[in-house]
Amino acid sequence: MKKIVLIVCVLLFCGCSAKYPQTAHLDIMMPSQTAEVYSNSAVFVHGFDSRETPEVVLYNIKKDQTVRVPGAEAPLVVVVDRLTAGLKEQGLSFEREAPVRIDLEIKELKATVTKSKTMYTCEAVIQIILKASNGQSSIRKKYNRQDEQKSVSRPKIGKIENMLNTQLAEIITEMLSDRDLRDLINEK
């Protein structure tokens, strides 16, 4: 009898605990780059992640412990991959010894979920710095995005991923259409 009561209690308490995702999936959907912007140009793209902590989603809800959710794939890999794919569609080739070098730095990329008395708030913040050089010329651009959504229930991971993916797509699209970057790459 004691075993049955113990099993029922364990099942009851396990069923009541909040479930959190194990990973967050960054899958940036980019529009195709139909216009060929570059010809006979090569670049080298490099990046580094300088965020203080590696999580992509942070649940910081009162009375619960802080839950840190990493990306299923390193955010830097996803961002560099999407940027290079877009640049390739625009006509660039990639070589390690190319005269044009593009360095990406992820300074911040995180969605934080908090709870007040009645509302959940999800704030997504992204900051990426692009540095590009071609010989003696160079540029430095900072791309920032921030979004906040409130709800009465804890936001689902799909909604949080969508916030981050949308912001990343906007940033990469802005990089791909940046006039200063295009001029620098086309400099001979």
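None of the figures in this text is laboratory data; all of them are computed from the coordinates on show. Here the structure is a predicted model, which is why all the values come from computation and not from measurement. Cβ atoms come from the backbone with ideal geometry, glycine included; neighbour counts cover every protein chain shown.
Its Cα centre serving as origin, the chain has a Cβ charge dipole (Lys and Arg +1, Asp and Glu -1) of approximately 1240 debye. How about the range 90-142: which trypsin sites (Lys or Arg not before Pro) there are in a DSSP loop, with at most 15 other Cβ atoms within 10 Å of their Cβ? Here the trypsin sites (Lys or Arg not before Pro) that fit, given the DSSP loop and packing criteria, are 96, 117. Taking all Cα pairs closer than 8 Å and separated by 6 or more residues, the relative contact order of the range 42-183 comes to 24 percent. Length gained on full extension, residue 107 to residue 19, computed as 0.36 nm times the residue gap minus the Cα-Cα distance: 28.8 nm. A crude spin-label estimate for the pair residue 138 and residue 67, with each label 7 Å from Cα along the Cβ direction, gives 4.3 nm.
Residues in the range 90-106 carry Karplus couplings, in order, of 7, x, 7, 10, 10, 9, 4, 9, 5, x, 9, 10, 10, 10, 10, 10, 8 Hz; the curve used is 6.51 cos²θ - 1.76 cosθ + 1.60 with θ = phi - 60°, and Gly or Pro positions show x. Taking each residue as 0.36 nm, the span from residue 153 to residue 119 lengthens on full extension beyond its C-alpha to C-alpha distance by 11.5 nm.
Once the Cα-Cα distance is subtracted from the 0.36 nm per residue extended length, the residue 60 to residue 30 segment shows a gain of 7.7 nm. Model label points for residue 96 and residue 146, set 7 angstrom from Cα along the Cα-to-Cβ axis, are 4.1 nm apart. Look at [x] 45, 37, 34; [y] 64, 34, 31; [z] 83, 32, 30: the one that is Cα extents along the principal axes in Å derived from this structure is [z].
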